[in-house]
Every structure is written in structure tokens, then in C-alpha cells.
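Below: the structure, in C-alpha cells.
Computed from the coordinates by the stated procedures, all read-outs in this text should not be read as laboratory data. Bear in mind the structure is a predicted one, so any value in this text is a computation, not a measurement.
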Amino acid sequence: MKRYLVAVAAGSLTLSVLGPAGMAQASTSTAGTAKAVHATSSHHRNSLNKEDRTWFAEAAAGDLFEIQLGRVAEHRAVYRVTYLYAARLVRDHTKAYAQKRAIARTLGLKLPTSPTADMIKEMREVEKHKGTAFDVSYLRTEISDHVKDIRDTKKEISSGHSCLIRAQARRELPVLRTHLALGRAALRVVEYYNHHH
């Protein structure tokens, strides 16, 4: 019954989570990214600075964190709005990681293949919760993480040297902002129904 009530109450939010328009505007296809990457000369490898390397590695590890935790949420979410939000993040961050893989090949960078130790610890903390408490913990974690991700991505855009990596940061910034807004809206729905039912 909770799932049905939330689906009705959060109709507009559900459509927003499911709608592809936001992501379509905020990113390019993996194939398009790869094509642009291969057309870029190798001098970009030497133009990387510390900000580029730090953001690229942490953002890629963050993609894997979002994918792994999102899949857990898809199986354990009590509320449909949480499930839909998790599915959106899995889809968007899978695409972002694939785009970074193409860039890494061109720049000769090693792409992380797992979340960082701190990210894994954060994931385990969320997984300790059950029922509605899991939904709340998951959504609060995502909100906090996306606030930090947006801050770090804006820093890369303003301080990075690599044209390729800065361009990727610009592509991802609107997506991250959408995730933050959707996460906050989903948490409001979950907390409302948790307190009133």
C-alpha cells in the first residue's frame, strides 16, 4: 500500500525521474564522446594538472559507487520513488563511466575499477539499514554526495587544464544538479509518508 500511495503522490516526480529529457540535454552519447576523443591530439596528456587527475579519478570512482549502491537500492527500497531514483542514477552514472573510459584511453590514464575505500565504507553504512530507514539513509547519502560532487565538478571546470576532462565535467554538471534536485524531492515524499502512515 505504501508503494501505491507514493507512486500516486509523487506522480510528477516519478515522471521526472523516468524522463530521458534531462539526461539527453546533459550528456552526449558514448559513441559521440569516443569520436571526439579520437579526433583530439595526444598533446592533451601533457596538459593535465593536479585538479584534472584528482577530479577524473574521484568522479570515475564515484560513478562506480553510484552504480553499486543504486543496484542495492533497486532491490531493497520500500518506496517506489526511491527505486525509480536509484534506477535513474544507475543509468546515468553507467553512461558517465563509459564516457570517461573513452577519455582515459586517449589520455593514457588508468581508470579506477572500484569505489574508493571511503566510498565503500559509506555504502556499508547505508546497507545496515532496513525498511523505510534504508530509503531515508540512501537518499540522504545521495543528497550529501551530490552536493560535494557538484562543488568538485565546478572546481574542475574553473581550475582544470585538460580540454577533454573539463568538457566532461561540463557535461556532467547539469546531470549532477538534476540528481540532487530529484534526491531532495524523493526524500520529502518518503519522509512525508513515513510520518503520516
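Within the straight-line cut-off of under 14 Å between alpha carbons, the aspartates and glutamates reachable from residue 100 are 52, 58, 63, 92, 172, sequence neighbours fewer than 8 places apart in one chain being disregarded. Shape analysis of the stretch 70-197 based on the Cα gyration tensor places the equivalent ellipsoid semi-axes at 30, 16, 12 Å, largest first.
Average the reciprocal distances over every distinct pair of alpha-carbons in the stretch 90-135, invert the result, and give the Kirkwood radius in Å. Taking the inverse mean of 1/r over all distinct Cα pairs, the stretch 90-135 comes out at 12.8 Å.
Summary value for the stretch 70-197: 31 percent relative contact order, contacts being C-alpha pairs under 8 angstrom separated by 6+ residues.
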